[in-house]
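Take a look at the structure below.
No value in this document is a laboratory result; all are computed from the given coordinates. Treat the numbers as computed from the prediction; the structure is a model and nothing was measured. Virtual Cβ from ideal backbone geometry, glycine too; neighbours counted across all protein chains shown.
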Amino acid sequence: MPLFPLDIRHQDFSGQMFGYNKKEVKAFLEQVASEVEEFQRKQEKELARREQMQYEVKQEAIQAGSAVEDLKRREELISRTLVFAEKTKADIIANARKEAENIIHEAELKAKRAVHEAKQYLSMLEHQYMQLKEQKRQFLLQFRVELQTFQDRISKDPLLSKDSELLLDSEFKQIKEDIVPKPENPNPKG
């Protein structure tokens, strides 16, 4: 079944999780369709030119109708030209198909390469994620140990115990009395 530019432009591909980028595929198909369309135009021009040439050959054959041998020679020339044109047309179509297959194959290779690179990048991101997760876990464990140490120190502080606080207050009061003499009464009675 021959491919036409319209077939290429409207070709759809099924989607997958890591499938092709649809914009890139559509852009590529548009490029392939344009090239096939241009190729067909050139082929049609060549065919029209050959048809014109055949027409001119036939006109000459009709005008030179007096010589039977001349007509046979021209008929043979026309026949060879048609055979050559058909062969050329078949060769051009075969070459265009091969070129289209090569372009599609190259695009598939590029897509596979892009998917492979994306998988590698995802693997790298996963590795970094696991490292960050482990670093956070280590930080939290260390912080919990330090926090527990602070809590132990705070709970052992004498100011948090009422008995220790009263003892410290009385010791401070005693030291203060020993250092600072009591003021004498300025108004003695008597």
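Ranked for footprinting exposure by Cβ neighbours inside 10 Å, fewest first, Leu160, Leu77 give Leu160, Leu77. Its DSSP H runs of at least 4 residues, each contributing -39,500 (n - 2.57), put the calculated 222 nm mean residue ellipticity of the chain at -30000 deg cm²/dmol, to the nearest 500.
For the cross-link pairs Lys58/Lys89; Lys58/Lys98; Lys26/Lys89; Lys45/Lys72; Lys26/Lys119, which exceed 31 Å when the distance is taken from alpha carbon to alpha carbon? With Cα atoms farther than 31 Å apart: Lys58/Lys98. Against the chain, whose longest principal axis comes from its Cα atoms, helix 68-156 is set at around 0 degrees.
Working from Cα pairs under 8 Å separated by at least six residues, relative contact order for the chain is 14 percent.
Might you report the magnitude of the Cβ-based charge dipole of the chain about its Cα centre, with Lys and Arg at +1 and Asp and Glu at -1, to the nearest 20 debye?
My answer is approximately 80 debye.
Its Cα centre serving as origin, the stretch 85-132 has a Cβ charge dipole (Lys and Arg +1, Asp and Glu -1) of approximately 60 debye. Within the set [x] 31, 24, 19; [y] 31, 17, 16; [z] 108, 17, 10, the number that semi-axes √(5λ) of the Cα gyration tensor in Å takes when calculated for this structure is listed as [z].
Extension gain, Glu60 to Leu141, is 19.0 nm, computed as 0.36 nm per intervening residue step minus the present C-alpha separation.
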